[in-house]
Structures are given as structure tokens and as C-alpha cells.
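Worksheet for the structure shown next.
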Amino acid sequence: PSCVMSHVRRLPVMRILRRSVIHSFQAAASVRPFATTTPTTTNTVPYKDGEVDSLESVIGAFVPDGKDKQEAQRILYGGAFTAMSEERASAQAKEASLDFQAYSIPAQKEETRAERKVRVAAVQNRIVAPTDAPITEQRDAIFRRVEEIIEVAATAGTNVLCLQECWTGPFFFCTREKAPWMELAESADSGESFKFISSLAKKHRMVIVSPILERDDHKQTIWNTAVVVDQTGRYIGKHRKNHIPRVGDFNESTYYMEGDTGHPVFDTIYGKIAINICYGRHHPLNWMMFGLNGAEIVFNPSATVGALSEPLWPIEARNAAIANHYFAVGINRVGTETFPNQFTSGDGRPAKNKFGHFYGSSYVAAPDGSRTPGLSRVQDGLLVAEVDLNLCQQVRDKWLFNQTARFDLYAEALQKYCSHDFKPQLIK
């Protein structure tokens with residue numbers, strides 16, 4: 001809307017709005033009304049460490065309540081989600097200095113199927129101890145913070161919760177240093193993080209996805225792995241990251257390579273879930289395979305920085321939810337991490353100690369094209385969404401993407417493409 005863009009020109013946040021507003025406007029398509037709890041205008045945009053808090057804080061500060069704001073948010077988010085009050089959890093979150101948001105995404109009521117309401121949660125957090133502290137001190141400080149956040153999630157009635165990528169430590173892969181960081185690698189089903197998460201899952205009857213750095217004693221190697229723990233604290237299984245970045249400071253192939261677990265879907269008591277770890281969100285076929293295997297909720301635990309990927313962030317998980325008829329949950333860590341030793345980026349620029357700003361902004365996208373607002377770009381956060389999984393089939397029946405797809409045609413073309421003597425279907 002012109003009212004939004006006229007205010008944008010006067011703001012010192014053009015970078016964020018170019019990345020988020022314009023791209024989100026282009027991505028949104030739904031036209032259904034929705035409820036909003038955005039505060040009245042303050043004409044003040046909150047910043048922390050030079051970073052704007054969120055796109056929502058910009059809109060809330062400069063666009064007055066009323067029709068214009070509702071229209072801007074309809075275009076940004078679409079859908080008929082409503083904010084949930086959750087007073088007890090909100091009070092807990094405030095005490096814990098946590099950006100807590102809760103929404104409900106409904107489906108149409110049906111005569112032949114009962115509602116399948118599930119509360120999913122996304123956690124984003126900063127590291128707690130400095131990166132030159134002893135490894136166990138860094139890890140244990142994060143354990144305490146994550147436990148505090150999970151307690152809030154439990155108060156909010158969460159059924160399935162996912163943590164951010166490699167949540168047990170800083171995202172150290174930019175350093176290319178093996179010591180001391182490899183000490184964070186651990187067994188998927190018996191390591192310290194599993195014991196910690198298992199006890200919390202059992203305590204709250206919560207399914208928890210725990211993305212860690214895995215040490216595989218059988219193959220004597222390292223993996224970027226998401227561990228799934230059920231509501232009894234039992235190890236269900238794991239998924240290893242399929243796509244490894246080789247861009248910017250994401251030097252992850254110094255530590256591990258592409259995973260070998262395919263596209264597993266975990267059939268939990270709350271629904272069928274899958275995990276598309278971080279860089280896999282840039283690969284549409286990776287998203288697709290989880291859907292073909294029956295996923296109803298796909299989590300995307302990530303660690304990505306603003307200078308590289310923020311224009312893509314509000315679009316990719318949302319597009320995946322639309323294309324594959326499931327709920328997609330984008331989770332990004334938050335904060336700026338500083339390391340003891342300088343490292344270079346291979347771009348001719350001076351060495352540095354900081355990776356960049358992890359911009360949070362975690363959100364939930366629905367199969368009908370709607371999405372929730374994002375969490376803060378600068379604060380620890382917990383996003384809880386009550387979703388009705390019946391919406392997956394309702395949207396599938398409406399749009400018939402699986403019915404109109406040509407999987408046989410794609411499979412044949414891809415098989416030819418993978419051949420060394422492939423010739424493109426190019427007509428001159």
C-alpha cells in the first residue's frame with residue numbers, strides 16, 4: 001500500500017524493508033481477512049545493537065491502527081490467523097526477557113473428521129557465555145536458557161517444539177577451527193543434549209526436535225543432525241542435513257558432509273513431522289520429498305545472517321508450505337557471535353571476529369499461503385502456533401497440486417539430466 005511505502009521513505013530502515021516488505025508483498029497472495037493485535041503507533045522503532053527489532057515493529061510504529069494497517073498486514077501475511085492471549089505464558093516470557101507470540105491457524109470444520117489441533121513451537125536464542133569460555137560452560141549456559149524457554153512453551157500447551165540449528169553452542173563453522181569446537185559433537189541417542197532434552201520431553205509430554213552436531217562412532221565421522229525425541233523421552237530417530245553450504249563464511253564442509261538419511265518423516269502422536277535443516281530450504285526438491293513421504297509439519301532449523309539471506313527468508317518456508325500442502329516452520333538463531341581469533345572470508349576483505357547478525361524472525365507458514373508474523377530480529381523468542389492439520393488435506397483438495405503434478409515426467413527428465421551425455425531439450 002502507498003501509505004506504508006510513504007512512511008518507509010522516511011525511515012532509517014530501508015535495508016530491512018527492502019528485504020522483507022517488498023519480497024513479502026510479492027510473495028503474498030491470500031485475500032482472507034484476519035485478526036491482529038499489533039499495537040497502536042509509537043513513531044519510535046526499537047533498535048538493539050544497531051539492528052531494528054522487526055518488520056512488525058516498523059509497521060506498528062508508523063502505520064496507524066485501522067483499515068490501512070489491516071490491509072498492509074493482509075497483503076504481508078494473508079490468512080485468517082488470530083492471536084492467542086496465553087496470559088500465564090506471556091507473564092513467564094516477560095520475566096524471562098523473551099519475545100513470546102502465540103497464534104491460531106484454523107481449518108474449516110468437517111462433518112466426517114474431528115479437528116486435529118496441534119500446538120507447534122519454534123525457539124530462537126542467542127548464545128549465553130562468551131565464545132572464549134570453557135566449552136562445557138558455554139553449553140551448560142545454553143542448556144539453562146533453553147530449559148527456561150521450554151518451560152514457557154509447556155505453559156502455552158506446546159505439543160511439538162523445535163530448536164534452532166546446532167543449538168548447543170555458537171555457530172563456529174566460520175572459524176574453520178577444530179579445537180575446541182569439535183568437543184561439542186556428541187552421540188545422537190546418548191549424548192548430553194539427548195539426556196537433557198529427553199527429560200524435558202518426558203516431563204511435558206512434548207515431542208522435541210533437537211538439532212545438534214553429531215559424532216557418529218560407527219562411521220567415525222561428524223554430521224549436522226536433527227534428533228527427534230518423543231513425548232515419553234524416547235529417541236525416535238534422526239535426520240542428517242542433506243545440503244551443505246559453500247557460500248560466505250558458512251565453511252561447514254570443513255567439519256561434515258552431506259547427510260545419508262534421505263527424507264524421513266516421523267510419525268508422532270501429534271502428527272507426521274520432518275526436518276529440512278537450514279540450507280536445504282534453498283532446494284525445492286528437498287522440501288518436496290518430505291511432502292511426498294507424508295509430512296504434515298516440516299521444521300526448518302537454521303542459522304543464517306542478514307547480509308546473506310534475509311531477502312529469501314520470508315519467502316522460502318512459505319513457498320514450501322504452499323507447494324507441498326503442509327505447515328512449514330522457519331527457525332533462525334538470533335544475535336551476533338564474536339570469536340576469539342580472527343578469520344577471513346576469502347573475499348579480499350580484512351579478517352574479522354564476527355560472523356554477522358543472525359536475524360531470528362522465526363515464523364510459521366500454512367498450506368493455504370498464510371503465515372504468522374515473525375519473532376524479533378534481536379531477542380530470544382518463542383513462537384507458538386495452534387494449527388489444525390486438517391487444513392493440509394483441505395488445501396490439497398482445493399488446489400490439487402499432487403493430482404496435477406507430472407512426477408513421472410519429472411523423474412524421466414531428471415534421470416536423463418543425471419546422465420553424463422545429457423542433452424538439454426533446446427529448440428532453435
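Please enumerate the residues belonging to the range 109-136 that are among the basic types (Lys, Arg), open to solvent by less than 80 Å² (accessible area, probe 1.4 Å) and under 19 Å from residue 296 (Cα atoms).
Within the range 109-136, 113, 119 meet the criteria.
Which count do you get for residues in the range 277-291 that are on the phi < 0 side of the Ramachandran plot and either open to solvent by less than 30 Å² (accessible area, probe 1.4 Å) or without any contact (Cβ under 8 Å) to a residue 12 or more places away in the chain (or both)?
Total satisfying the criteria: 8.
Among the residues of the range 271-278, are any in a helix (DSSP H, G or I), closer than 23 Å to residue 361 by Cβ and over 16 Å from the mean Cα position of the chain (by Cα)?
no
Report the residue count in the range 48-79 for those that are touching a strand residue (DSSP E or B) at 6+ places or on another chain (Cβ under 8 Å) and under 20 Å from residue 370 (Cα atoms).
Adding up the residues that qualify gives 3.
Just a yes or no: is a residue in the range 255-270 touching a residue at least 24 places away in the same chain (Cβ under 8 Å), in contact with a Cys (Cβ under 7 Å, 6 or more places away or on another chain) and open to solvent by less than 10 Å² (accessible area, probe 1.4 Å)?
no
Could you tell me whether residue 309 is free of Cβ contacts under 8 Å to residues at least 60 places away in the same chain, within 16 Å of residue 248 (Cβ to Cβ) and open to solvent by less than 10 Å² (accessible area, probe 1.4 Å)?
yes
Just one of 323, 274, 226 is under 24 Å from residue 391 (Cα atoms), surrounded by 24 or more Cβ atoms within 10 Å (Cβ to Cβ) and among the aliphatic types (A, V, I, L, M); which is it?
Only one candidate qualifies: 274.
The values are calculated or read from the model by the stated rules, or taken from the named source; none is laboratory data. A quick note: this is a predicted structure, and the numbers were derived from the prediction, not measured. Note that we place each Cβ from the backbone using ideal geometry, even for glycine, and neighbour counts take in every protein chain shown. In case anyone asks, the SASA skips ligands and DNA or RNA and just uses the protein heavy atoms, side chains included. Shrake-Rupley method; radii C 1.70, N 1.55, O 1.52, S 1.80 Å.
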